[in-house]
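Enquirer: Here's a structure for you.
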Amino acid sequence: MAIQGTTTDYSSLTVTPKKDSEATRKASLGQEQFLKLMTAQMTHQDPSSPMQNGEFITQMAQFGTVSGIQDLQKSFADFASSINSSQALQATSLVGRYVSVPGTKAVLPAGGEIKGAINLSDSSSSVKVKVTNANTGEIVQNIDLGQHSAGKVPFVWDGVNSNGAMANPGVYKIEATAYIDGKNTVLETDLNAQVDSVTMGNGSTGMKVNLTGLDSVDFNKIKQIL
């Protein structure tokens with residue numbers, strides 16, 4: 001014997017708005033109210049046609065997905081805040097220390113040297129570094145590093161120019177090249193620089209590290225803390 005169910009018509013259901021904050025709270029469907037509506041529809045469904053619940057179950061899944069996304073967004077926001085705080089503490093501890101950052105300019109201190117590393121993409125029979133005065137464009141020194149396999153190739157310029165004299169302190173441009181596959185190729189370099197100060201980030205910009213005598217760089221571009 002078939003059991004005849006009843007169908008509830010919700011089209012005539014009206015909600016009387018309430019005043020103040022309570023009306024605002026009732027304007028949105030909460031999880032508790034949603035479950036009550038689901039229970040009501042299941043109670044009044046036709047037992048002989050269980051598939052009629054499919055659409056409602058889909059809506060329930062969508063509701064759960066939205067709720068889960070909101071929780072996930074809050075978790076990510078808390079996680080990002082924690083990361084930023086950790087980066088701030090780490091960045092402030094870098095003041096006065098040297099770091100390795102990608103770039104083409106470095107500062108030669110009085111009686112000091114410039115250090116860095118070349119990112120060699122492939123084996124080369126000839127790797128060279130050209131040092132140029134950043135202000136005048138004058139070539140100060142050429143360093144021949146010889147043959148190297150692919151990978152990081154460290155180099156040091158002791159501050160001595162091509163005439164055998166000490167170059168003046170200041171900013172110098174570093175250009176690395178290598179002979180790869182029959183042609184001279186310009187390579188990327190990571191140069192050592194001293195951290196002068198740190199600029200904290202905000203909603204639109206990230207944290208930046210200000211380098212002595214040079215421009216600032218994004219904190220996340222630091223390759224190595226020396």
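The values are calculated or read from the model by the stated rules, or taken from the named source; none is laboratory data. Predicted, not measured: the structure shown is a model, and the values here were computed from it. As a convention, Cβ positions derive from the backbone with ideal geometry for all residues, glycine included, and neighbour counts pool all protein chains shown. Areas reflect the complete protein model, heavy atoms only, side chains present, ligands, DNA and RNA absent. Shrake-Rupley method; radii C 1.70, N 1.55, O 1.52, S 1.80 Å.
Enquirer: Name the residue from Q224, G137, P102 whose Cα lies farthest towards the positive end of the charge dipole of the stretch 90-226, charges +1 on Cβ of Lys and Arg and -1 on Cβ of Asp and Glu.
Expert: Q224
Enquirer: Kindly sort E113, E175, E188 by accessible area of their heavy atoms, largest first, with the probe set to 1.4 Å.
Expert: Values: E113 85, E175 60, E188 135 Å².
So the residues, ranked largest to smallest area, are E188, E113, E175.
Enquirer: Which pairs, out of K105/K208; K152/K208; K183/K223; K130/K221; K183/K221, put more than 22 Å between their alpha-carbon atoms?
Expert: Working: K105/K208 17 Å; K152/K208 25 Å; K183/K223 28 Å; K130/K221 24 Å; K183/K221 29 Å.
The pairs that break the limit, which is 22 Å between Cα atoms, are K152/K208; K183/K223; K130/K221; K183/K221.
Enquirer: Could I ask something else about it? For labels at T177 and Q224 in the simple 7 Å Cα→Cβ model, what's the distance in nm?
Expert: 2.6
Enquirer: Once Rh for the stretch 134-185 is found with the Kirkwood sum over Cα pairs, what is the Stokes-Einstein diffusion coefficient at 37 °C and 0.692 mPa s, in µm²/s?
Expert: Using the Kirkwood radius from Cα pairs, D works out to 251 µm²/s.
Enquirer: With a 1.4 Å probe and all protein chains in place, put D122, D196, D215 in order of accessible area, largest first.
Expert: Details: D122 70, D196 90, D215 125 Å².
Final ranking, largest accessible area leading: D215, D196, D122.
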